Amino acid sequence: MTSIPLTRTELDVRSVREDFPILRALAHGKPLIYLDNAATTQKPQVVLDRLVRYYTHENANVHRGVHLLSERATDAYEEARKTAARFLHAAETQEIIFVRGTTEAINLVAQTYGRVHVGAGDEVVITVMEHHSNIVPWQMLCDERGARLRIVPMTDEGALRIDSYEALLGDRTRIVAVTHVSNALGTVNPIRRIVEIAHARGIPVLVDGAQAVAHTAVDVQALDCDFYTFSGHKVFGPTGIGVLYGKAALLDAVPPYQGGGDMIRSVSFERTLYNVLPYKFEAGTPNIAGGVGLGAAIEYVEALGFDRIGAHERDLLAYGTRALEGIPGLRLTGTAGDKGGILSFVLDGVHPHDVGTILDREGVAIRTGHHCCQPLMARLGVPATSRASLALYNTRAEIDVLAGALAKVREVFV
Ligand code: C6P
């Protein structure tokens, strides 16, 4: 059989899969089908190699030593920061703060910008589809300050009610915090519009990009958002490293988050002068290897190109949606018009935990539960869902196996 050559805009998925050694693994004797990419993504060989190279040839502490290795480590780490700045289209490299992940990034903003700007009687606006990481830090801040959370509702399909959002904003709104892509529904929110509406009232916007950056190009200047956060491990990088982007003027104007080494210019027992951005927010020895590995992961996706990645994932989502909709008793949760590669569903008469367990025996890895979105589950009227989440290395054949395994689940339980 002659194979049809790929066009320039098509992702060569076969070759992409070769890049990920773990995808050759078996799970319970069956080929691993990894559909839990919203929880974390697998790592390509280039990222693994970069970590080994770092620890083999460059390992030292950064910004401290004058010796060769310290210079190498500092260069590698700062190069990764430049890569992250390019990735998000930040205006300046100093607007990239390395953190442990999205959760830490949001806590950082709540505890710095939030503490300065949110007072008694003020309001923080979030949405009903937020991950706990974009709820609890704001709730803690509101409790501390005597402020209150306002929640943007959504339609039954899982689209934000932009009319209600607009109506919620008022004189007391101090910040809006919203997810770019919902981890439990797949909804892609209209961030540009959300920012425009908030900025018209002088309100800054934080965007949780945890579920966006592996799937779509992000341009923080075009979005004009004030803060943007993501986790390295969700974009094929290591765990324990992530990025907070913040507009320099906003970050400059608020005090640091944590105190310690590297975030200072000078210390005496009487007084400490803080370092400049981004170091002011990076107390202590950072996750240097993680940063360097994240740089390699970003270069990997950039080389594949988001036009190709996006087209492939849209095809998979459409294919998967058709396949799952054909299963009797299965209901998709999250059917908004603009949707990323998340197939969240409930199967009549079967607990999601049982779905996940049976699928696991077939080699298929999905996530079941509330996906750290308990308020969203309450809105949907379900305690939990099953969720298959797609990434660039998944294939239509894997979706066929998922659909076949779900049909088996139905046979066992119904
Ligand atoms: N969602 C999921 O299975 P951390 O844990 O800090 O890397 O990311 C937190 C986070 C924040 N926002 C969104 C939209 C997310 O999806 C996540 C992580 C994973 O859906 C693990 S709970």
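The values are calculated or read from the model by the stated rules, or taken from the named source; none is laboratory data. On a predicted model such as this, the values are computed, not experimentally measured, just so you know. Cβ placement follows ideal geometry from the backbone for every residue including glycine, while neighbour counts extend to all protein chains displayed.
What the table below lists for this structure:
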quantity: Residues (of a type in the set (A, V, I, L, M, F, W, C) and assigned to a helix (DSSP H, G or I)) located in region 100-123; calculated: 105, 106, 108, 109, 110, 116
quantity: Yes/no for residue 160 being modelled with pLDDT of 95 or more, more than 30 Å from residue 294 (Cα to Cα) and within 16 Å of the ligand (Cβ to nearest atom); calculated: yes
quantity: Qualifying position, being buried (at least 22 other Cβ atoms within 10 Å of the Cβ) and in the same structural domain as residue 255 (by TED's automatic domain parsing), among 182, 164; calculated: 182
quantity: Top-ranked residue in region 52-92 [being among the β-branched types (Val, Ile, Thr) and surrounded by fewer than 16 Cβ atoms within 10 Å (Cβ to Cβ); ranked as farthest from residue 302 (Cα to Cα)]; calculated: 66
quantity: Within region 16-30, tally of residues that are surrounded by 14 or more Cβ atoms within 10 Å (Cβ to Cβ), among the hydrophobic types (A, V, I, L, M, F, W, C) and part of a helix (DSSP H, G or I); calculated: 2
quantity: Helices (runs of 4 or more DSSP H) contained in region 313-414 and holding at least 2 residues in contact (Cβ under 8 Å) with a residue 12 or more places away in the chain, in the same structural domain as residue 34 (by TED's automatic domain parsing) and farther than 24 Å from residue 126 by Cα; calculated: 352-361, 396-413
quantity: Within region 124-138, considering residues that are touching a residue at least 60 places away in the same chain (Cβ under 8 Å) and not aliphatic (A, V, I, L, M), the one surrounded by the most Cβ atoms within 10 Å (Cβ to Cβ); calculated: 127
quantity: Residue 49, sole failed condition from (1) crowded, with 22+ Cβ neighbours inside 10 Å; (2) more than 16 Å from the ligand (Cβ to nearest atom); (3) part of a helix (DSSP H, G or I); calculated: (1)
quantity: Long-range neighbours under 6 Å by Cβ, at least six apart or interchain, first residue on the phi < 0 side of the Ramachandran plot and among the aliphatic types (A, V, I, L, M) within region 185-200, second assigned to a loop (DSSP other than H, G, I, E, B) and surrounded by fewer than 23 Cβ atoms within 10 Å (Cβ to Cβ); calculated: 188/338; 195/224
quantity: Those residues of region 63-91 which are over 30 Å from residue 223 (Cβ atoms), in a loop (DSSP other than H, G, I, E, B) and among the hydrophobic types (A, V, I, L, M, F, W, C), in sequence order; calculated: 66
quantity: Condition met for residue 97 (in a helix (DSSP H, G or I), among the aliphatic types (A, V, I, L, M), buried (at least 20 other Cβ atoms within 10 Å of the Cβ) and within 16 Å of the ligand (Cβ to nearest atom)); calculated: no
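Let's see how each residue does on (1) in contact with a strand residue (DSSP E or B) (Cβ under 7 Å, 6 or more places away or on another chain); (2) among the charged types (D, E, K, R):
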site: 142; (1), (2): yes, no
site: 145; (1), (2): no, yes
site: 150; (1), (2): yes, yes
site: 155; (1), (2): no, no
site: 161; (1), (2): yes, yes
site: 166; (1), (2): no, yes
site: 173; (1), (2): yes, no
site: 176; (1), (2): yes, no
site: 180; (1), (2): yes, no
